[in-house]
Amino acid sequence: MVKVFRVHEHGGPEVLRWEEVEIEEPGQGEIRMRNTAIGVNFLDVYMRKGVYPTPLPFTPGTRTSTTETITVCSRFNQTAHLTRVVLCCSAGVESVGVVTAVGPEVTGIVVGDVVGLAGSPMVTGRTYAEEQIIPAAVAIPIPDWMDHKVAASVLVKGITARILVRQAFKVEAGQTVLVHAAAGGVGSLVCQWASALGATVIGAVSSRAKAEQAAANGCHHVVVYTEEEDFVARVRDGITAGRGVDVVYDAVGKDTSRGSIACLANRGCLVAFGEASGAPEPFVLGELQPRSLSVTCPALPGYTGTREALLESAAEVFAGLASGVLRAHVGGVYPLAEAPRAHADLEGRRTSGSIVLVPGNE
């Protein structure tokens, strides 16, 4: 028997239930791992609240899929209804642990190896658990020099940051970048990476305390969301002197998406990769045309769908950490049994950097 968090109804942090479950032996192509550190991501919160439809009961970190219909309006007020697959845990699976058993036909992994899990669309494991079973094909070897808590804090977030600055919109020297939630887990790494690439980085944060962290992450300018300060005016009219920014990385969603578009320079791009404040309001595509703007919504499955792509992404993140280009910031470590408190702190914007859960046996 192992301890695991399960969700039997959608709601607040209190719906996370600490239960005992049986864990089977790994099957063909699978491994069993004892979790030593578990990353917490906003997608875990979305699943718990039911923002992404998830069959009940489930364990945060369990991959499920469904479809949903989205409506896009054209500049002539015509609408198109598109069906897309939603991988409810495509970016919500993040843990590091020690291999305790290996199933048939697994090669290259042995008992005692340290491996990580980073948001694979193929996984049906349970990350909010003492132990879990995962496909060997998605296990990422963790370098010997890396602390387990650090690794669990940067796997999903680091790979996401790589996608954002190297693939979804390729940041180049001389460009100007606006990063929302610049003191958060992904935001911190995006700021560091973009700064190292030679961009001018503007970080937006929710408090003065987080402004210091954003500056430490390489932000050349920091904007604090307040009732007195309009971030659009500060960024577009003040910092960029009317030009605007080349790209906005927006994980906030509803509260910032309109302002993010207003901050863009001609031919600028909004990279929307989160909805911390809720889903953005719909907009007419024709609004983008006068300034030739673009919008993209990247997700891990689209960039790490093969083992080769997954390992390539992880290797670049590890190289960035080893060279000092990237610096992990573990802003909080919670016992696994206190996952509800971790969720409450994350939603209440009382955290900075990444937060990690640690099982009681570690």
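The values are calculated or read from the model by the stated rules, or taken from the named source; none is laboratory data. All of these numbers come straight from a predicted model, not from anything done at the bench. All Cβ positions, glycine included, derive from the backbone under ideal geometry; neighbour counts span all protein chains shown. The area values use the complete protein model at the heavy-atom level, side chains included, leaving out ligands, DNA and RNA. Shrake-Rupley method; radii C 1.70, N 1.55, O 1.52, S 1.80 Å.
Quick notes on this one:
- Here the condition is being on the phi < 0 side of the Ramachandran plot, in contact with a strand residue (DSSP E or B) (Cβ under 8 Å, 6 or more places away or on another chain) and not in a strand (DSSP E or B); of TYR46, TYR52, it holds for TYR52 alone.
- Set ALA328, ALA276: member being under 22 Å from TYR46 (Cα atoms), buried (at least 20 other Cβ atoms within 10 Å of the Cβ), in contact with a strand residue (DSSP E or B) (Cβ under 9 Å, 6 or more places away or on another chain) and at pLDDT below 95: ALA276
- Screening the candidates LEU321, LEU264, LEU310, LEU270 for the property of being under 17 Å from VAL154 (Cα atoms) and open to solvent by less than 20 Å² (accessible area, probe 1.4 Å) yields one hit, LEU310.
- Number of the condition not met by PRO282 [criteria: (1) assigned to a strand (DSSP E or B); (2) open to solvent by 20 Å² or more (accessible area, probe 1.4 Å)]: (1)
- Filtering GLU312, GLU308, GLU287 for residues that are under 19 Å from LEU189 (Cβ atoms) and assigned to a helix (DSSP H, G or I) leaves a single hit, GLU312.
- Selection from the stretch 166-212 of residues that are in a strand (DSSP E or B) and in contact (Cβ under 8 Å) with a residue 60 or more places away in the chain: THR176, VAL177, LEU178, VAL179, HIS180, GLY184
- A single member of VAL223, VAL252 is surrounded by 23 or more Cβ atoms within 10 Å (Cβ to Cβ) and assigned to a loop (DSSP other than H, G, I, E, B), and it is VAL252.
- Pairs with Cβ under 7 Å, 6+ apart, first in the stretch 36-47 and farther than 15 Å from LEU117 by Cα, second hydroxyl-bearing (Ser, Thr, Tyr): TYR46/TYR52; MET47/THR54
- Against the criterion of being out of contact with any Asp or Glu (no Cβ under 9 Å at 6 or more places or on another chain), in contact (Cβ under 8 Å) with a residue 12 or more places away in the chain and open to solvent by 50 Å² or more (accessible area, probe 1.4 Å), GLU105 qualifies.
- Qualifying residue in the stretch 143-155 (condition: under 16 Å from ARG327 (Cα atoms), modelled with pLDDT of 95 or more, touching a Pro at 6+ places or on another chain (Cβ under 9 Å) and surrounded by 22 or more Cβ atoms within 10 Å (Cβ to Cβ)): yes
- Residues of the stretch 331-359 that turn out to be touching an Asp or Glu at 6+ places or on another chain (Cβ under 8 Å) and either open to solvent by 30 Å² or more (accessible area, probe 1.4 Å) or basic (Lys, Arg) (or both), as a count: 1
- Cβ-Cβ contacts under 8 Å between residues 6 or more apart (or on different chains), taken from a first residue in the stretch 336-360 that is within 26 Å of GLU131 (Cβ to Cβ) to a second residue that is in a helix (DSSP H, G or I) and β-branched (Val, Ile, Thr), are listed as HIS343/VAL45; LEU346/VAL45; SER354/VAL154.
- The listed residue being polar (S, T, N, Q) and crowded, with 22+ Cβ neighbours inside 10 Å, out of GLN167, GLN175, GLN192: GLN192
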